[in-house]
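The values are calculated or read from the model by the stated rules, or taken from the named source; none is laboratory data. Keep in mind the model is a prediction, meaning the values are calculated, not measured. We place every Cβ from the backbone using ideal geometry, glycine too, and count neighbours over all the protein chains shown. Note: areas computed on protein heavy atoms with side chains; ligands, DNA, RNA excluded. Shrake-Rupley method; radii C 1.70, N 1.55, O 1.52, S 1.80 Å.
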Amino acid sequence: KAKTPQDMDAAMKKVGKTQQDLNKAINAMAYADAKKQVEIMKTTLTDAENFWVVNKKADAQQFSKDVIAKLDALDKTLAEKEQAKATAAYKEATAACNSCHKVYRGVDANSQFIIKPGSI
């Protein structure tokens with residue numbers, strides 16, 4: 001479980017890569033692969049949520065729960081094997097991710113995502 005900013009950074013980088021793989025799988029209509037990517041994201045986000053618990057950030061904990069709920073909905077949609085519905089559900093999940101990013105994620109001088117200075 002994530003406890004340090006470094007743990008959180010590693011988790012978010014994993015989520016970012018997995019999110020890209022998920023999008024590719026949906027576009028390729030590889031629904032079984034997409035479901036695997038959703039599970040990786042949910043597990044990683046659940047572990048990352050601990051960082052927000054440690055840092056007493058209730059809003060960020062709620063952002064995590066919201067994203068996981070959207071991923072659950074996406075997972076159910078993937079079972080229908082309808083690309084348009086899966087794409088829409090994917091966009092809802094990524095929009096939920098962006099809610100947290102607006103508050104807690106920034107970029108450094110190298111355009112790499114970081115936790116916004118002063119946010120924790």
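Here are a few things to note about the model shown:
- Karplus (6.51, -1.76, 1.60) ³J(HN,Hα), θ = phi - 60°, over the stretch 79-93, in Hz, Gly and Pro reported as x: 5, 6, 6, 10, 4, 4, 5, 5, 5, 5, 5, 4, 5, 5, 5
- Seen from CYS100, the other residues with C-beta closer than 13 Å to its C-beta sum to a net charge of +3, counting Lys and Arg as +1 and Asp and Glu as -1.
- For the chain, with +1 on Lys and Arg beta carbons and -1 on Asp and Glu, the positive-most of GLN37, PRO117, PHE51 along the dipole: PRO117
- Relative counts (whole %) of C-alpha pair distances in the stretch 34-102, using bins that are 10 Å wide: 22, 51, 22, 5
- Placing +1 on the Cβ of every Lys and Arg and -1 on the Cβ of every Asp and Glu, with nothing else charged, gives the chain a dipole about its Cα centre of roughly 120 debye.
- ³J(HN,Hα), Karplus 6.51/-1.76/1.60, whole Hz, each residue of the stretch 30-39, x for Gly, Pro: 9, 5, 5, 5, 4, 4, 5, 5, 4, 5
- Neighbourhood charge, 11 Å Cβ-Cβ cut-off, centred on LEU71 and excluding it, Lys, Arg +1 and Asp, Glu -1: 0
- Rounded to the nearest whole Hz, the Karplus-based 3J(HN,Hα) values (6.51 cos²θ - 1.76 cosθ + 1.60, θ = phi - 60°) of the stretch 95-108 follow the sequence 5, 5, 4, 5, 4, 6, 4, 4, 8, 10, 10, x, 10, 8, with x at glycine and proline.
- Taking amide H positions as modeled 1.01 Å from N, with prolines and chain starts lacking one, the residues under 5 Å from ILE114 and 5 or more places away or on another chain are GLY106, VAL107, ASP108.
- Solvent exposure of the stretch 26-120 amounts to 56 Å² per residue of accessible area, where only protein heavy atoms count and the probe is 1.4 Å.
- Percent accessible area from carbon and sulfur atoms, the chain, protein chains only, probe 1.4 Å: 55 percent
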